[in-house]
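Okay, structure first, notes after.
The values are calculated or read from the model by the stated rules, or taken from the named source; none is laboratory data. If you're wondering where the values come from, they're calculated on a predicted model, not measured in any experiment. Glycine gets a Cβ as well: all are built from the backbone with ideal geometry, and neighbour counts include every protein chain shown.
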Amino acid sequence: MTDIVQAGASNSRFDGSAAPILEARAINKTYGHVEALRGANFSAYAGEVVALVGDNGAGKSTLIKLLSGVAQPDSGQILFEGSPVHIGSPSAAQRLGIETVYQDLALAPDLDGAANIYLGREPLRSGVLGKLGVLDKRAMRDQTTRTFTDLGIGIRDPSAAVAYLSGGQRQGVAVARAALWASKVIIMDEPTAALGVVQSERVLDVVRRVRDRGLAVVLVSHNMPQVLSVADRIQVLRLGRRVATFSRVEATLESLVAAMTGALEQGDDS
Amino acid sequence: MSSVQNEPPEQADVSAPAALADGQSESPTLWQRVSATLFSSTSPLWIFIALVVIVAVFGVLRPSAFLSSFDIKTIFIDAAVVMMLSVGMTFVIITAGIDLSVGSVLVISGVLAAKVMIAAGGGAAHAATAGWGPIFAGIAVGLLVGLLWGVINGSLIALLGLPPLIVTLGTFGMALGLADVITGGVDVAGIPTKLGNTIGSGQVGPIPWLVLIAAVVTIVFGLILHMTRFGRYTYAIGSNPESARRAGINVNWHLIKVYALAGLLSGLGGVLSLAYFTTTTISGHATDNLTAIAAVVIGGTSLFGGRGTMFGTVVGVFIPVVLASGLVIMNVQSFWQQVVIGAILILAVYFDQLRRRARLRP
């Protein structure tokens, strides 16, 4: 726990005594000649919204891919609940309780909300039918409706193919899937990029609600005012390294931009 | 698939004051709803109505001939073999793939099944009177050959990432060429007559064996498509393979299974065709692939993948068969059938395009 800023000092949810639920240490990742990450560090604690910001090419997407199991680091360590883990695939991340809302949402547009939320994890009917692989569609539909209600996702027709939903509703399906299955961490990559003001605010409401349930939410966003309004902690990436960590109270738009552009170098000794 | 958690974690209820999505601008217009019901491929209603109209027209114009039990039986028998190819093709097209090789795989399966029956039945002189042992050996080999071609198709497509159109165009030629090599281009006759008398032209009560087998296979695979995890993954992969992959679905393995299924059903088609004609029909299946694709597409399955129903495919198989049969009875040149089917095919794809355009922009 040598983060420069003990961001959570004032907040009992992450008082710095517990280990981060998800942590990356000295991660390197190269694509061809491009060094996407150069010794990057990152940490997320249970019960907090931690924002990951940085200019284009700072390595945010790469770091997210490593944490969600889509790609693997060249060197460095990923720790989950304090112990090193190898997250070899998205399924491996899911088994740890880590769910990701991808920027492209990763939905199957021709399937309905329930089918998308349960994709790859469909419950089967009991008995012989289940042995034959018969889906329990009612269970999926009922739980999906409950999850939509819990999260305040207004989808009138749960049997409508996702392709026919509005952008906000589609985002809602992707967020609901993550919220339903995640038990530890939700990673959200630009969850509001395609949304209007009202819809964005509602997604952020869901983010807070998930946080209050005790999960860690990792939020990647370009929208600085949004980050400042919802994040408990903000970590800034620049040129493949973490260059600054702010708590909500000390972060300002100016300091974030300064860190992102290199005008401010806080250093990173964790 | 089993290692992933199958129960969502326990979670506290959270109250939700606001709705995440805007509700106002969402209700579709009346026309959108009507057209969605009529033309969307999940309810291929218009094409079913078209079939009913065709049957009604012929039935009114020539009631005695068209609705006679003999003619209805003929229609079903004519549809049986194409149905097997189309059932497999439905799965393949829902994954956004295509299988041009089905007709050739049917031929080579039939040829090898016939060769095995004759060899196991004691050679060309004695095979005609052979019993069930050689027949079942031949059937097993026919099915196995179909399955193997399917596995080859699927492996080339999934593992090497080659386009299905090219892979199956290649195996289309290879399978037909091998059939010609094996037979010298001469159809294999002299198979056990027992096969022809039972599966080929025999009946179970009033129902021909061919029709019964085709019906059972169609219903079983229709249920698999719509009710099971296998079917769900088929749709998911056709809809967005990357999403399916990230959801933990083994996309490559599933694609191999889907093409293997199409191959297996082509092998079954080969066996049924062999039983019906009591000889191989090497030169008779060059356009079977297009017939099956047309049936599936007319039935509302999207060539872009992700959408389709087995019911639609059944209707799509029957429309050409009923048309051909009806036109013959009406003493109209049956070549008109091809003209009408071409038009219906274009219409079906047009409706699919309309449906895709009706999707909201991201």
When residue B:278 is evaluated against the numbered criteria (1) under 21 Å from the mean Cα position of the chain (by Cα); (2) within 30 Å of residue B:137 (Cα to Cα), which criterion, by number, is the only one it fails?
(1)
Considering residues that are of a type in the set (A, V, I, L, M) and more than 7 Å from chain A (Cβ to nearest Cβ), the number found within region B:226-243 is 1
Would you tally the residues in region A:139-153 being among the small types (Gly, Ala, Ser) and either assigned to a helix (DSSP H, G or I) or more than 10 Å from chain B (Cβ to nearest Cβ) (or both)?
1
Selection count where residues are facing chain B (nearest Cβ under 8 Å), part of a loop (DSSP other than H, G, I, E, B) and closer than 29 Å to residue A:188 by Cα, scope region A:106-138:
11
How many residues does region A:175-186 contain that are part of a helix (DSSP H, G or I) and facing another protein chain (nearest Cβ under 10 Å)?
6
Residue check for residue B:326: buried (at least 24 other Cβ atoms within 10 Å of the Cβ), more than 12 Å from the chain's Cα centre (by Cα) and outside any loop (DSSP other than H, G, I, E, B)
no
If I filter region A:248-256 for residues that are in contact with a Pro (Cβ under 9 Å, 6 or more places away or on another chain) and in the same structural domain as residue A:28 (by TED's automatic domain parsing), do I get at least one hit?
yes
Could you please let me know if residue A:136 is free of Cβ contacts under 8 Å to residues at least 24 places away in the same chain, closer than 30 Å to residue B:301 by Cα, surrounded by fewer than 18 Cβ atoms within 10 Å (Cβ to Cβ) and not assigned by TED's automatic domain parsing to the domain that holds residue A:175?
no
Listed by first then second residue, the pairs whose first member lies in region B:169-184 and is of a type in the set (D, E, K, R), whose partner is modelled with pLDDT under 95, with beta carbons under 8 Å and at least 6 positions apart or on separate chains, are B:180/B:282
In region B:108-166, anything of a type in the set (Ser, Thr, Tyr) and modelled with pLDDT of 95 or more is listed as B:109, B:155
Just to verify a result, which residue in region A:154-168, among those that are more than 8 Å from every other protein chain (Cβ to nearest Cβ) and surrounded by fewer than 16 Cβ atoms within 10 Å (Cβ to Cβ), is farthest from residue B:227 (Cα to Cα)?
A:157
Which condition does residue A:92 not pass, out of (1) in the same structural domain as residue A:175 (by TED's automatic domain parsing); (2) part of a helix (DSSP H, G or I); (3) free of Cβ contacts under 8 Å to residues at least 60 places away in the same chain, if it passes all the others?
(1)
Unique residue being at pLDDT below 95, out of contact with any Lys or Arg (no Cβ under 8 Å at 6 or more places or on another chain) and either under 17 Å from residue B:110 (Cα atoms) or not aromatic (Phe, Trp, Tyr) (or both) when the list is B:271, B:349, B:258:
B:349
Considering only region B:171-190, how many residues are crowded, with 16+ Cβ neighbours inside 10 Å and closer than 15 Å to residue B:287 by Cα?
4
Do we find a residue being more than 12 Å from every other protein chain (Cβ to nearest Cβ), at pLDDT 90 or above and in contact with a helix residue (DSSP H, G or I) (Cβ under 7 Å, 6 or more places away or on another chain) anywhere in region A:196-217?
yes
For residue A:47, are the conditions met, namely being in the same structural domain as residue A:213 (by TED's automatic domain parsing), touching a helix residue (DSSP H, G or I) at 6+ places or on another chain (Cβ under 8 Å) and surrounded by fewer than 24 Cβ atoms within 10 Å (Cβ to Cβ)?
yes
Given B:135, B:207, B:199, which one is β-branched (Val, Ile, Thr) and free of Cβ contacts under 8 Å to residues at least 40 places away in the same chain?
B:207
Residue by residue through region A:103-120, note down the ones that are touching a Lys or Arg at 6+ places or on another chain (Cβ under 7 Å) and touching a residue at least 40 places away in the same chain (Cβ under 8 Å).
A:105, A:106, A:107, A:110, A:114, A:116, A:117
Out of all the residues in region B:273-287, is one or more within 14 Å of chain A (Cβ to nearest Cβ), outside any helix (DSSP H, G or I) and crowded, with 23+ Cβ neighbours inside 10 Å?
no
Considering only residues of region B:337-352 that are more than 17 Å from residue B:312 (Cα to Cα) and touching a residue at least 12 places away in the same chain (Cβ under 8 Å), which is surrounded by the most Cβ atoms within 10 Å (Cβ to Cβ)?
B:337
Need the failing condition index for residue B:80 against (1) in contact with a helix residue (DSSP H, G or I) (Cβ under 6 Å, 6 or more places away or on another chain); (2) at positive phi, just the number.
(2)
Residue A:73 - would you say it is touching a helix residue (DSSP H, G or I) at 6+ places or on another chain (Cβ under 8 Å) and in the same structural domain as residue A:161 (by TED's automatic domain parsing)?
no
Would you call residue A:189 in contact (Cβ under 8 Å) with a residue 24 or more places away in the chain and facing another protein chain (nearest Cβ under 8 Å)?
no
Restrict the check to region A:213-235 and report whether at least one residue is within 17 Å of residue A:47 (Cβ to Cβ) and without any contact (Cβ under 8 Å) to a residue 60 or more places away in the chain.
yes
